[in-house]
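Novice: Can you read through this structure? Questions will come right after.
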Amino acid sequence: MKAVVILPTYNEKENLAILIPKIFSEFKGIKHDMHLLVADDSSPDGTADLVLDFSKKNKKLHLLLGKKEGLGVAYLRAFDYAIDKLEADVMFMMDADMSHPPELIPEFMREMELGHDVVIGSRYIRGGGTPDWSSSRKLISKTGNLFARIIGGLKVNDCTSGFRAIRTSVYKKIEKSHLHTRGYAFLTTLLYELIAAGAKIREIPLVFYDRKFGETKLQRKDMVEFFLNTFRLRLKSSKRFIKFAITGATGTVVNLGILFMLVEKLSIERRLIAPSIALEVSIIWNFFLNNYWTFKDTGKKSSFPAKLAKFHITALAGFFLNLVIYNACLQITLLSSLLGRYDFLAAQFIAILIVMSWNYVVNVKWTWRE
């Protein structure tokens, strides 16, 4: 397994002079092929020259230069280089200010060996912390992290940690157009997309110490982008469910319409045969709408027949659940007393609402996800 530790830098010469030797010292105890990639935004302090001097003695140290366009842009550039040029199986995200201890790199790799797709150094689990931060900074950080979890829907203890290891095969599932944030909000955007891609996530304790040399790159505009992006992530996750619900609503109309025609006009048996036919027609209807609208930007590697088969298998389980709920509702005297002979329509409507949640979760996780 080949792993590439990526350090995005801008004016980090003092820190790198200490950090690079420390990282390679940790590499010696790891059995995998370990590389270090410095993605420098053309620092005026001579950061690139320092890296070049080190690289003359170590072929596993690489330098990638670019314009200063933000943390997200630097990481995307480095990810492409690590995948295309270095053929990385694992990519590390790590700060160059020595706040992320290189001593954790071997533990990250052990977690990768156990099959995790994303390993995060977490300040907010047992064993982690920020011992040299002021009370106000701790409050701001925890508030931002809590905001990302509640509003952004990110079910991770430390959503904003920049110390991570990512399996390349999972990263490749993400559409590049979704990673458009340029500043520190890139951290939460990437995490959201990795979770959506089905990544198995593991958090390990991180004791985070503040930088000793240089100045922080975090600016007010980064904080504004972070909070706005958090709302965008929530809207994005909700938007897909809204589309799924609209599709389900149109499928419900199709289902009920077919059921009415079969029972009322064709006198087909109403407990099994009629609802089964109506359900199959609505399944096909829902599949086409979901495939070309709700999930049009996901699951592109699956063939059309494969997705249709998965959708049917999912719907089949929902079908049996639908029948159980449908027939149970037919036994409710309140429905028959209120609706008379049309109680079967209400029974089917209730069953569809309950089964919809099942269908959404399974289709998101399986049908339209590799």
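The values are calculated or read from the model by the stated rules, or taken from the named source; none is laboratory data. Only a predicted model underlies this, so the values are computations on that prediction, with no experimental measurement involved. As a convention, Cβ positions derive from the backbone with ideal geometry for all residues, glycine included, and neighbour counts pool all protein chains shown. Note: areas computed on protein heavy atoms with side chains; ligands, DNA, RNA excluded. Shrake-Rupley method; radii C 1.70, N 1.55, O 1.52, S 1.80 Å.
Novice: Using a 1.4 Å probe and counting only protein heavy atoms, arrange 112, 1 so the residue with the most accessible area comes first.
Specialist: Working: 112 5, 1 75 Å².
Accessible-area ranking of 112, 1, largest first: 1, 112.
Novice: At a 10 angstrom cut-off on C-beta neighbours, averaged per residue, how do the peptides 163-173, 24-34 rank from highest to lowest?
Specialist: Details: 163-173: 20.1, 24-34: 14.7.
Top of the packing list down: 163-173, 24-34.
Novice: Tell me the Kirkwood hydrodynamic radius of the stretch 1-154 in angstroms, computed as one over the mean inverse distance between distinct C-alpha pairs. Show your work: numbers first, answer last.
Specialist: On the way: mean 1/r = 0.0596 Å⁻¹.
When all Cα pairs of the stretch 1-154 are included, the Kirkwood radius is 16.8 Å.
Novice: Using a 1.4 angstrom probe on the protein heavy atoms only, line up 137, 240, 123 by accessible area, largest first. Don't jump to the answer; show the numbers that get you there.
Specialist: Values: 137 85, 240 45, 123 25 Å².
Ranking 137, 240, 123 by accessible area, largest first, yields 137, 240, 123.
Novice: Taking a probe of 1.4 angstrom, what is the accessible area of residue 266 in Å², to the nearest 10?
Specialist: Roll a 1.4 Å probe over it and residue 266 shows about 110 Å².
Novice: Mind checking the log10 I(q)/I(0) for the stretch 39-119 at q = 0.12, 0.15, 0.20 Å⁻¹? Debye, one equal scatterer per Cα, no solvent, two decimals.
Specialist: -0.42, -0.66, -1.15
Novice: So how strong a dipole does the chain carry about its Cα centre when Lys and Arg Cβ are +1 and Asp and Glu Cβ are -1, to the nearest 20 debye?
Specialist: Numbers: 51 positive and 36 negative charges, 118 e Å.
In total the dipole reaches around 560 debye.
Novice: Which entries in the list 142/176; 28/56; 138/239; 200/307; 67/200; 2/142 go over 27 Å, if you measure between the two C-alpha atoms of each?
Specialist: 142/176; 138/239; 67/200; 2/142
Novice: Which of the aspartates and glutamates could be linked to residue 172 by a straight reach, that is with a Cα gap under 18 Å, when you skip same-chain ones fewer than 8 residues away?
Specialist: 80, 84, 87, 89, 117, 193, 297, 370
Novice: Need one value: the accessible area of residue 312 in square angstrom, 1.4 angstrom probe, rounded to the nearest 10.
Specialist: Accessible area, nearest 10 Å²: 50 Å².
Novice: Based only on Cα atoms, what mean projected area does the convex hull of the chain have, in nm²?
Specialist: Working: hull surface 87.9 nm².
Averaged projected area of the chain's Cα convex hull equals 22.0 nm².
Novice: If 161, 134 are ordered by their accessible area, calculated over protein heavy atoms with a 1.4 Å probe, which sequence runs from highest to lowest? Present the calculation step by step, with values, prior to reporting the outcome.
Specialist: Details: 161 0, 134 60 Å².
Output order, biggest surface exposure first: 134, 161.
Novice: Now for a different question. Working from Cα positions, state the angle (0 to 90°, nearest 10) between the long axis of helix 135-150 and the longest principal axis of the chain.
Specialist: It works out to around 30 degrees.
Novice: Now for a different question. When the Karplus curve 6.51 cos²θ - 1.76 cosθ + 1.60 is applied with θ = phi - 60°, which whole-Hz ³J(HN,Hα) does each residue of the stretch 268-281 get, with x for Gly and Pro?
Specialist: With coefficients 6.51, -1.76 and 1.60, one gets 7, 3, 9, 8, 9, 5, 4, x, 5, 5, 4, 5, 5, 4 Hz.
Novice: Averaged per residue, what accessible area in Å² does the chain show with a 1.4 Å probe, protein chains only? Write out the running numbers ahead of the final one.
Specialist: On the way: 18020 Å² over 370 residues.
In whole numbers, the chain has 49 Å² accessible per residue.
Novice: With every protein chain in place, what's the accessible area of residue 293 (1.4 Å probe, Å², nearest 10)?
Specialist: Accessible area, nearest 10 Å²: 90 Å².
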